[in-house]
């Protein structure tokens, strides 16, 4: 195949300037480097953006195949998002947590994954560890905040064809160093030292010298954050409406704006709550026993909470979570074999307890190999309760990770969710589409395909499973509303907790953790809902293209439960969706021939 876009060259030049991102992609030529930082590194990356953008734009569109044209648009969107981050967000100037995340992302794959040889990974890890002191010292020096920025109104983000980019300029407010991000960096920076020590455990005492240097530098970094940075940290890290809307366009590849997400989110939020109330009323006698009559005569929101609490009591013993997760994943695999919905991956999957150094940051999750690493193992991590948890805390966690939730996690994280989708994407012959994959599609697929499984009969009509599923879909919608509310509308904690606890039946501890996460990140939380919307829109368009109606079995305005469409095959559609890697939703629609 002729490389009309010079994809290999583009990725090689990208990797030289972005070594940590390259490691995550599966390009390992620079695994021993962090890349150049500071003003010189920023200037080099901006120059790369300008040169690559100019080169790609100069290629006549008429000379490119539809696939190549999509890949070019993907590369251009990625380059413009990188420029946006460098010019307008500049996290290194106000976000102390940014450096902690970069270092964790640069060390962890060299310890946890199996690409290349152990000797090469150990050597690269030693090199990166040896550079940690300079990296951390430079990070403290960079934390000076951002002044007001006047930027072009056209932010370069992809837009729908009907959207005309604005002209003129926009003033972005000053961004002082964020106190919240500094405090969180102080709390999470010890994770760098944990990774350094784990590197020694993994590869031996030959790494002791660079590991000890990194550990000492981490201690010094924490002390400097406390002494030098925290006193001048007067910001909170919220983006504000202007910057948030610009960032959202880049994250979503222009598929939806804030108003569209709010309109669809509020509509679907109300519909899901109504569905959950209906299900709870039907199954209350089964789950509440003698209390059902009183519960059914009371507040409907309280009824849902009571039924969910009762379902949460149906859980395995804490020490059985791993075996239960393996059994649920096997049940998902058997269901896929029986129905033929999609093709099962050949790449290995290991289901194991979450490593200690990751338990503070995540529950169950999938750790997939880089999209350019072929044949590598994926890890489905299951997080137990902390060793020092009280019996009450353990019981609370197990009620959340109840038997039905573990079934849904097996779908979402493993089959046919993240593991299956990313393994399929790993087979794409198009390196740009693999390397620059969209998190919006990846997260949206996992949400979408969970409902597809229930539609197709997984769970044998278990309404308790469906109720738990809708609860977590409701959380997905709430995440999108929460992100915009905090960053664009300035909403406070009381509003956030009412949305999550009062209206979405989440536990207070879970909701407070999500409120913190939403203030520390921006535009990632909407990806689950927007990606799911995009997947359903693609299915509906495919049904219309097949000549059939798009209607729901029960008339409810909710995802899933479509009526049969003559001429439409869901397995065929799912295979087509999975055959294009992990593209942004607008490009997926084009690749499927479904774009408006």
Test residue 269 against the criterion of being at positive phi and within 22 Å of the chain's Cα centre (by Cα), and give yes or no.
no
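A quick yes/no check of all residues on (1) surrounded by fewer than 21 Cβ atoms within 10 Å (Cβ to Cβ); (2) farther than 30 Å from residue 585 by Cβ; (3) more than 28 Å from the chain's Cα centre (by Cα); (4) without any contact (Cβ under 8 Å) to a residue 40 or more places away in the chain:
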residue: 155; (1), (2), (3), (4): no, no, no, no
residue: 160; (1), (2), (3), (4): yes, no, no, no
residue: 169; (1), (2), (3), (4): yes, no, yes, yes
residue: 190; (1), (2), (3), (4): yes, yes, no, yes
residue: 197; (1), (2), (3), (4): yes, yes, no, yes
residue: 214; (1), (2), (3), (4): no, yes, yes, no
residue: 237; (1), (2), (3), (4): no, no, no, no
residue: 240; (1), (2), (3), (4): yes, no, no, no
residue: 248; (1), (2), (3), (4): no, no, no, no
Restricting to the range 162-204, what's the tally of residues that are modelled with pLDDT of 95 or more, under 30 Å from residue 126 (Cα atoms) and in a loop (DSSP other than H, G, I, E, B)?
1
With the condition kept exactly as written, say whether any residue in the range 397-406 is assigned by TED's automatic domain parsing to the domain that holds residue 575, under 25 Å from residue 113 (Cβ atoms) and touching a helix residue (DSSP H, G or I) at 6+ places or on another chain (Cβ under 9 Å).
no
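Looking at the range 29-63 only, could you name the residues that are closer than 28 Å to residue 587 by Cα and buried (at least 16 other Cβ atoms within 10 Å of the Cβ)?
45, 48, 49, 52, 53, 56
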Does at least one position in the range 69-80 carry a residue that is over 25 Å from the mean Cα position of the chain (by Cα) and either surrounded by fewer than 21 Cβ atoms within 10 Å (Cβ to Cβ) or in the same structural domain as residue 580 (by TED's automatic domain parsing) (or both)?
yes
Those residues of the range 279-293 which are surrounded by fewer than 16 Cβ atoms within 10 Å (Cβ to Cβ), more than 12 Å from residue 311 (Cα to Cα) and under 39 Å from the mean Cα position of the chain (by Cα) amount to 282, 285
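Please indicate, with yes or no, whether at least one residue in the range 512-519 is assigned by TED's automatic domain parsing to the domain that holds residue 443, closer than 21 Å to residue 443 by Cβ and in contact with a strand residue (DSSP E or B) (Cβ under 8 Å, 6 or more places away or on another chain).
Looking for residues that are assigned by TED's automatic domain parsing to the domain that holds residue 443, closer than 21 Å to residue 443 by Cβ and in contact with a strand residue (DSSP E or B) (Cβ under 8 Å, 6 or more places away or on another chain), one finds none in the range 512-519, hence no.
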Enumerate the pairs (first residue in the range 491-509 and under 22 Å from residue 299 (Cα atoms); second residue anywhere and not in a helix (DSSP H, G or I)) with beta-carbon separation below 7 Å, excluding pairs fewer than 6 apart on the same chain, so at least 6 apart or on different chains.
500/506
Those helices (runs of 4 or more DSSP H) lying entirely in the range 374-455 with at least 2 residues modelled with pLDDT of 90 or more and surrounded by 22 or more Cβ atoms within 10 Å (Cβ to Cβ)
403-409, 418-425, 431-435, 439-455
Only one of 306, 333, 350 is at negative phi and outside the structural domain of residue 466 (by TED's automatic domain parsing); which?
306
Give the range 253-277 a look and list any residue that's under 20 Å from residue 81 (Cβ atoms) and either in contact (Cβ under 8 Å) with a residue 60 or more places away in the chain or surrounded by 15 or more Cβ atoms within 10 Å (Cβ to Cβ) (or both), or say none.
253, 254, 255, 256, 257, 258, 261
The number of residues in the range 107-161 that are at pLDDT 95 or above, part of a loop (DSSP other than H, G, I, E, B) and in contact with a strand residue (DSSP E or B) (Cβ under 7 Å, 6 or more places away or on another chain) is 2
If residue 485 satisfies every condition in (1) more than 16 Å from residue 269 (Cα to Cα); (2) surrounded by fewer than 20 Cβ atoms within 10 Å (Cβ to Cβ) but one, which is the exception?
(1)
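The values are calculated or read from the model by the stated rules, or taken from the named source; none is laboratory data. Here the structure is a predicted model, which is why all the values come from computation and not from measurement. With ideal geometry, Cβ positions are generated from the backbone for all residues, glycine too; neighbour counts draw on all protein chains shown.
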